[in-house]
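Worksheet for the structure shown next.
Throughout, read-outs are computed from the coordinates displayed, never taken from laboratory work. Values in this document were obtained by computation on a predicted structure and should not be read as measured data. Glycine also receives a Cβ, built like all others from the backbone with ideal geometry; neighbour counts cover every protein chain displayed.
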Amino acid sequence: MSAVDAIINYKRSPNEDFYGLLHCDENSSPEQIQAEYKVLALQYHPDKNSGDKEAEAKFQQLKEAKETLCDPEKRAVYDKWRNSGISMSYKQWLGMKEHVGQVRRYTIAEKVDKEVCVMGQELSEPEK
């Protein structure tokens with residue numbers, strides 16, 4: 001399956017709903033999210049479920065959700081993705097967003113360099 005097909009046929013997974021994983025909603029405070037995380041983390045902690053790969057995976061998902069939703073900047077980015085309706089996973093979107101930002105910075109820097117170079121040439125030309 002090509003990357004384009006993956007985007008066209010993309011269906012959001014319940015595991016990408018960080019609020020749902022933590023039994024919270026968009027209005028939950030970081031303290032409420034932390035409290036819900038603690039309850040669920042105890043239930044799925046690898047030490048309590050030794051050898052259970054599903055519980056370990058669930059624990060990692062809960063940890064990622066808590067880290068994202070308790071950080072105001074990460075939460076704002078997540079909410080933007082969640083409400084965008086874009087057809088790609090959150091992780092793909094983050095990677096694309098980061099890549100676009102790098103390309104944009106490079107393009108802007110290149111444009112500034114060209115303008116400085118052009119301005120420098122104009123200033124160094126002898127007057128007539």
Open item on the list: Between LYS63 and SER50, what is the label-point separation in nm under the 7 Å Cα-to-beta-carbon projection?
Closed with: 1.8 nm
Task: Extended-chain gain in nm, criterion 0.36 nm per residue less alpha-carbon gap, VAL4 and LYS80 - done: 25.2 nm
